[in-house]
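Data first, discussion second: the structure below is written as structure tokens.
The values are calculated or read from the model by the stated rules, or taken from the named source; none is laboratory data. These numbers were taken from a predicted model, which means no experiment stands behind them. Cβ placement follows ideal geometry from the backbone for every residue including glycine, while neighbour counts extend to all protein chains displayed. The accessibility values were calculated without ligands, DNA or RNA, using every heavy atom of the protein model including side chains. Shrake-Rupley method; radii C 1.70, N 1.55, O 1.52, S 1.80 Å.
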Amino acid sequence: MTPYLDVQHLTKSFGALTLFRDISFSIGEGQKVGLIAKNGTGKSTLLSILAGKEGYDSGDIVFRRDLKVGFLEQSPQFDPDETVLDACFNHQGEEEKVLKAKQVLTQLKIRDLHQKMGQLSGGQQKRVALANVLLTEPDLIILDEPTNHLDLEMIEWLEGYLGRGHRTLLMVTHDRFFLDRVCSVILELDDHTVYTYRGNYAYYLEKRQERIDNKRAEIARANNLYRTELEWMRRMPQARGHKARYREEAFYELEKVAKQRLEERQLRLKASNIYIGSKIFECQYISKRFDDTIILKDFYYNFSRFEKMGIVGNNGTGKSTFIKMLLGQLPVDEGRIIIGDTVRFGYFSQEGLQFDEQKKVIDVIRDIAEYVDLGGGRKLSASQLLQHFLFNNEQQYNYVYKLSGGERRKLYLCTVLMRNPNFLVLDEPTNDLDIVTLQILEEYLQDFPGCVIVVSHDRYFMDKVVDHLLVFRGQGDIKDFPGNYTQYRQWAALEESGDAGKTGKAGKPAEAAKTDYRHDDRRRLSYKEKREMEQLEKDIAALEEEQHQLEEALCSGTLSIDELTEKSKRLPLLKDELDEKSMRWLELSEIES
């Protein structure tokens, strides 16, 4: 494997803050590498350094001679007067390149090559920047959050594009499906150090847990020995010989290990003091359009108590518009939306990231409330909420202007939760959040005793959080789907192939042939099928509970290596069984509806 990039002993600091110290890693030809780290620890800075956009304190960065590097920044800047075509090729628009540009830009939903860049939204500019990187065909592609501002269709296209061929890639992304399907090496930046895992995201999770378990055991052993050596040191031998000096030096090295502190996984934050009545909201045949674009047409929906709904669809199909109508920020054209008296919305929007830059982080939260009542005599202070979302004591007393983009998103999320809503509406909450924060947010939403609506392109996140989907397919066509995103994609694939009425078991047709359920003469479930459906519901509930317990155990950090291996093998088998039973339940429910 030809080495493309070699990084040795790289260090970068901002004043007293050290982002990484003495890190080393390499990337070879054809490797697809994902970089994972918590917000504020230097992911974007490291990519900027490698792309030559930013300096560093010490170390060596060596590229293969004449290597061509392409870099997608998190927030690219363009001349507002240049056209899309100029931005893609730096004013070199040969005919063959223009044809290729049209193909790539069409996939990214950019169709007017002569439109001025200043007329495009921030998301559209990011897509043009992505097209620029892909079209210039670099030897090494460096991408900072490439899936931000892409809809699901674009993300799946980009997965295929980057996964094909012998491309060499280094990227930062929060999209765990994307990481799992594209990357073959994971670099983790943690505690100022880089760890290398030669596998995909699932492999990384397994090996990271092993590393943490081994480190925890090493610290425990060091602490046991440290107590013995500390007693020896305290006795202060009057005459220390040559061997005693060696033992004294060894004691100080042992002390460094014993005093290490691993960041313990946060306890799940569960609230029991949230009440929401049985009347949530009802959309009574609402319609909305903008010129020729139909958003909703005679749409009816009655939202259930404790429902956790996901909203998915391509950009421009009306997802955010629907949310704004629900919240009263946009009027409906026809019909009406009735909101229950007890509903108290908490809205996390794409535009809501506005703070007083001169305030301290803790004061931003305390200005909302000093604490949240969790019920049962438990209270959560502003500081505890911030700590739960990985703001340590030092960061809590930092000024807002010092925060990274991802840390600002986390702070904004905390301001929403601190208001103690009983109905959370989250519009693209995963953008720019690190994976550890996403895991904490997933757990929070799974345990949340109120209602949740999530608009997101993050498939992994949606699968973890929601149990029901509204799929916006454009021009007012909305699919009401009882399941998560993966189940919907499986159903949609069967529908496209004409097999939606088949069980998927050895290609045998289901007893229920697909019919037009809108007619009064539709086929009904047989007695046997009704009993099967009831049993499926029980099986699915049991499997979901087992899956929940397995995932909690795998994340607990308390398993032995043998237990970790056993449960890691069981989890994919369980998910396959759950998917199979869920698909069968969906087939039967289509007949029943």
For the stretch 389-439, what log10 I(q)/I(0) values come out of the Debye formula at q = 0.30 1/Å, with one point per alpha carbon and no solvent? -1.32
Taking the full set of protein chains and a 1.4 angstrom probe, give the accessible area of Tyr4 in square angstrom, rounded to the nearest 10. 20
I need the shape label for the stretch 1-151. Rule: rounded when a/c is under 1.5, else prolate if a/b > b/c, else oblate, with a, b, c from the alpha carbon gyration tensor. prolate
Within the set Lys38/Lys379; Lys279/Lys479; Lys360/Lys410; Lys464/Lys575; Lys12/Lys126; Lys102/Lys126, which residue pairs have Cα atoms separated by over 19 Å? Lys38/Lys379; Lys279/Lys479; Lys12/Lys126
Would you give the gap between the C-alpha center of the stretch 1-60 and the C-alpha center of the stretch 379-430, rounded to a whole Å? 27
Check Leu374: other-chain or 5+ apart residues with amide H under 5 Å from its amide H, H built from backbone geometry? Lys379, Leu380
Rounded to the nearest 10 Å², what accessible area does His149 have for a 1.4 Å probe in the complete protein model? 80
Any residue on another chain or 5+ positions along whose placed amide H is under 5 Å from the amide H of Asn200 is listed here as none
Full-extension gain in nm, Glu307 to His114, via 0.36 nm per residue minus C-alpha separation: 65.0 nm
List the trypsin sites (Lys or Arg not before Pro) within the stretch 46-132 that DSSP assigns to loop and that have no more than 13 neighbouring Cβ atoms inside 10 Å. Lys53, Arg65, Lys68, Arg111
Taking amide hydrogens as modeled 1.01 Å from N in the peptide plane, which residues meet the under 5 Å criterion relative to Leu35, leaving out close sequence neighbours? Met171, Val172, Thr173, Leu187
Need one number for the stretch 302-430: average projected area of the convex hull over its C-alpha atoms, nm². 9.8
Computed over the Cα atoms, what is the radius of gyration of the stretch 265-346 divided by 2.2 N^0.38 Å, N being its residue count? 1.30
Cα-only radius of gyration and Dmax that characterise the stretch 27-112, units Å: 16.5, 45
Please report, as a whole percent, how much of the solvent-accessible surface of the chain comes from carbon and sulfur atoms (probe radius 1.4 Å). 47
For the stretch 144-182, which chymotrypsin sites (Phe, Trp or Tyr not before Pro) are both in a DSSP coil and crowded by at most 13 other Cβ atoms within 10 Å? none
Using the Kirkwood formula over every pair of different C-alpha atoms, what hydrodynamic radius in Å results for the chain? 27.1
Please compute the contact order of the chain in relative form: average sequence separation of alpha-carbon pairs under 8 Å and at least six residues apart, divided by the residue count, as a percent. 12
Cα gyration tensor of the stretch 1-42, axes a ≥ b ≥ c as square roots of the eigenvalues: rounded (a/c below 1.5), prolate (a/b > b/c) or oblate? oblate
Given a 1.4 angstrom probe, what's the average accessible area per residue across the chain, in square angstrom? 50
Show me the chymotrypsin sites (Phe, Trp or Tyr not before Pro) within the stretch 268-376 that DSSP assigns to loop and that have at most 11 other Cβ atoms within 10 Å of their Cβ. Tyr275
quick note, the chain, DSSP beta bridge pairs, % antiparallel (nearest 5) is 55
